[in-house]
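Asker: What follows is a structure written as structure tokens; I'll ask about it next.
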Amino acid sequence: MKLSRRVFLGAGTAATVVALSELSRPRRASAQLFRRGPVVNLYSARHYDTDESLYESFQDATGIRVNVVEAEADQLIERIKGEGTNSPADLLVTVDAGRLWRAEQENLLEPVSSSILNQAVPEYLRDPEGLWFGLTKRARVIVYNKERVSPSDLSTYEALTDAKWRGQILTRSSTNIYNQSLVGSMIAANGAADTEAWVRGFVENFARPPEGNDTAQIKAVAAGQGDLAIANTYYLARLVKSDSREDQEVASKVGVFFPNQSDRGTHINISGAGVLKSSPNKAAAIQFLEYMVSPEAQRIFAEGNNEYPVVEGVEIDSVVADFGEFKEDTLNASVYGENNPEALQICDRAGWK
Ligand code: FE
């Protein structure tokens, strides 16, 4: 069995192949990488070894070779734009609906009509025109310090402006797309004016100016720098599963709360993919997406980043399942993108750094 090829792009060096997982001669490999034939070329913002094993299974099952270029989503989008109609990229894989929307805005995505995809992926987790499909989902939850907070103190995202949380909330910057998508979902639920007022109150309750990623917020809550953090579920699952005792201790000190259970549900986001307009291997690209929504692929792909499968009835990783069942906000994920420019303006005006 031949391994799928995997190329990493270094930051700021979009045209340079800086490493290859199993090939010692990147230049030659890179020339071969995009050859025509039974092949599908993924430009992916995901970086998990389990994804690789999945690509190999697809290769074994179909004879279609999978090549992967990995980089940050914005870098991949720029590269695809630069390559134009000559781009070898068949699929763009990202870790947030907002980024797929950016690709859509750049007119890079091709509508796909597949009954397999439409049946497997719930409507709210795919683009209405078939420009992209969610492949896994994650919830943006409240992580609380178990010594200082009882779940009964918590209810909704909206209630995080309450004065009782003054100086107690930790979150990463609003330059992060997860927060932009959360704000976009709140604009849809409550309108722009109420959302702006909410951001102002939320910022007033910050324990410190935003710094670090979701993991940093969870650690700060465990260390008592504040009572609550906003984080995606997989960041906590990672800490629970970590080999480091320090991480395990952090995980033991915090609890997960799913907000808005008595109204619209908890905000969720997706990792997803879309077929590119310039794709030289469209049929293979669609076949790849259809494979990714098979129950077996769903289980592995979701586990790779401790996420939830999008397909109903697929087994959830036990650590993730232990967070509990919850009601999801079923707002179509495409709205996060549509509301993104307004979300950015609101965060800027309301002082969410
Ligand atoms: Fe993340």
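Each value in this text was obtained by applying a stated rule to the coordinates, not by laboratory testing. Computed from a predicted model, the values in this text were never measured in an experiment. Cβ atoms come from the backbone with ideal geometry, glycine included; neighbour counts cover every protein chain shown.
Asker: What is the angle, in °, between the Cα long axis of helix 49-62 and the longest principal axis of the Cα atoms in the chain? Nearest 10 is fine, range 0 to 90.
Answerer: 40 degrees
Asker: Let me ask something else. Could you state the angle between the C-alpha long axis of helix 177-190 and the longest principal axis of the C-alpha atoms of the chain, as a value from 0 to 90 degrees rounded to the nearest 10?
Answerer: Taking Cα atoms only, the helix is inclined about 60 degrees.
Asker: At R0 = 45 Å, how high is the FRET efficiency between GLU246 and ALA283 if r is their beta carbon distance? Nearest 0.05 is fine. The partial results should precede the final answer.
Answerer: Working: r = 48 Å, r/R0 = 1.08.
Once the sixth-power term is evaluated, E becomes 0.40.
Asker: Report the longest stretch of the chain that contains none of the GluC sites (Glu not before Pro) sitting in a DSSP loop with at most 13 other Cβ atoms within 10 Å. Walk me through the numbers on the way to the answer.
Answerer: Numbers: sites that count: GLU22, GLU106, GLU129, GLU147, GLU211, GLU312, GLU315, GLU325.
After excluding every exposed loop site, the longest remaining stretch is 212-311.
Asker: SER155: net charge of surrounding residues, Cβ under 11 Å, Lys/Arg +1, Asp/Glu -1, itself excluded?
Answerer: -4
Asker: Provide the per-residue ³J(HN,Hα) series for the range 249-254, in order, calculated from phi with Karplus coefficients 6.51, -1.76, 1.60 and θ = phi - 60°, each as a whole number of Hz, with x at glycine and proline positions.
Answerer: 5, 4, 4, 6, 8, 10
Asker: Normalised by the number of residues in the range 157-256, what is the relative contact order in percent for Cα pairs under 8 Å and 6+ residues apart? Each step should come with its number before you reach the end.
Answerer: Values: 113 pairs, mean separation 33.3, N = 100.
Relative contact order comes out at 33 percent.
Asker: Sticking with this one: List the residues, sorted by chain then number, that are 5 or more residues from VAL40 or on another chain and whose placed amide H is less than 5 Å from its amide H.
Answerer: HN-HN under 5 Å from VAL40: ARG65, VAL66, ASN67.
Asker: What net charge is computed for the residues neighbouring SER87, neighbours being all others with C-beta under 10 Å from the C-beta of SER87, Lys and Arg scored +1, Asp and Glu -1? Numbers along the way, then the final one.
Answerer: Working: positive: ARG79, LYS81, LYS277; negative: GLU83, ASP90.
Combined, the nearby Lys, Arg, Asp and Glu give +1.
Asker: Around SER278, which amide H atoms from residues at least 5 apart in sequence, or from another chain, sit under 5 Å from its own amide H, with H modelled in the peptide plane?
Answerer: none
Asker: Here's another thing I want to ask about it. Once you sort the root eigenvalues of the Cα gyration tensor of the range 131-202 as a ≥ b ≥ c, which label holds: rounded (a/c under 1.5), prolate (a/b larger than b/c) or oblate (the other case)? Intermediate values should be presented prior to the final figure.
Answerer: Numbers: a/c = 2.03, a/b = 1.36, b/c = 1.49.
Oblate is the answer for the range 131-202, as a/c is 1.5 or above yet b/c matches or exceeds a/b.
Asker: Quick one: helix 295-304 against the long Cα principal axis of the chain, what's the angle to the nearest 10°, folded into 0 to 90?
Answerer: Once rounded, the angle reads 60 degrees.
Asker: While we're looking at this one, here's another question. Quick one: which of LYS81/LYS277; LYS137/LYS219; LYS241/LYS327; LYS137/LYS241; LYS81/LYS282 span more than 21 angstrom between C-alpha atoms?
Answerer: Violating the 21 Å Cα-Cα cut-off are LYS137/LYS219; LYS241/LYS327.
Asker: For the pair ASN107 and ASP322, how long in nm is the line joining their label points, each one 7 Å along Cα→Cβ?
Answerer: Modelled inter-label distance: 5.1 nm.
Asker: How much FRET efficiency would the formula 1/(1 + (r/R0)^6) give for ASP153 and ARG200, where r is the Cβ-Cβ distance and R0 is 35 Å, rounded to 0.05?
Answerer: Details: r = 22 Å, r/R0 = 0.62.
Step by step, r from the Cβ atoms, then E = 0.95.
Asker: For TRP132, list long-range residues whose amide hydrogen, built 1.01 Å from N in the peptide plane, is under 5 Å from its own amide hydrogen.
Answerer: ASP127
Asker: Short version: ³J(HN,Hα) in whole Hz for each residue of the range 95-108, in order, from phi by Karplus 6.51 cos²θ - 1.76 cosθ + 1.60 (θ = phi - 60°), x for Gly and Pro, what are they?
Answerer: After applying 6.51 cos²θ - 1.76 cosθ + 1.60, I find 10, 6, 4, x, 6, 5, 5, 4, 5, 5, 4, 7, 6, 9 Hz.
Asker: Treating only the Cβ atoms of Lys and Arg (+1) and Asp and Glu (-1) as charged, compute the dipole magnitude of the range 233-353 about its Cα centre; round to the nearest 20 debye.
Answerer: Here the range 233-353 has a charge dipole of around 400 debye.
Asker: Follow-up. Can you work out the Karplus-derived ³J(HN,Hα) for every residue in the range 337-345? Use 6.51 cos²θ - 1.76 cosθ + 1.60 with θ = phi - 60°, whole Hz, and x for glycine or proline.
Answerer: x, 4, 8, 4, x, 5, 4, 4, 4
Asker: Starting from the Cα gyration tensor of the range 63-107, take the square roots of the eigenvalues, sort them a ≥ b ≥ c, and report rounded, prolate or oblate (rounded when a/c is under 1.5, otherwise prolate if a/b is larger than b/c, else oblate). Don't skip to the answer; put the middle values down first.
Answerer: Numbers: a/c = 1.87, a/b = 1.31, b/c = 1.43.
In terms of gyration-tensor shape, oblate.
Asker: Follow-up question, since we're still on this one. Excluding TYR235 itself, what net charge comes from residues whose Cβ is under 12 Å from its Cβ, given Lys and Arg +1 and Asp and Glu -1?
Answerer: Working: positive: ARG138, ARG140, ARG172, LYS219, ARG238, LYS241; negative: ASP214, ASP247, GLU307.
For residues surrounding TYR235, the net value is +3.
Asker: Can you show me the helix-derived [θ] at 222 nm for the chain, built from DSSP H runs with n ≥ 4 at -39,500 (n - 2.57) apiece and divided by the number of residues, rounded to the nearest 500. Kindly include the intermediate steps, with their values, before the conclusion.
Answerer: Numbers: 15 runs with 143 residues, N = 353.
So the calculated ellipticity at 222 nm is -11500 deg cm²/dmol.
Asker: For the chain, set up a GNM with springs between Cα atoms under 10 Å and report which of SER57, SER262, SER279 has the largest fluctuation.
Answerer: Looking only at SER57, SER262, SER279, the largest GNM fluctuation is found for SER262.
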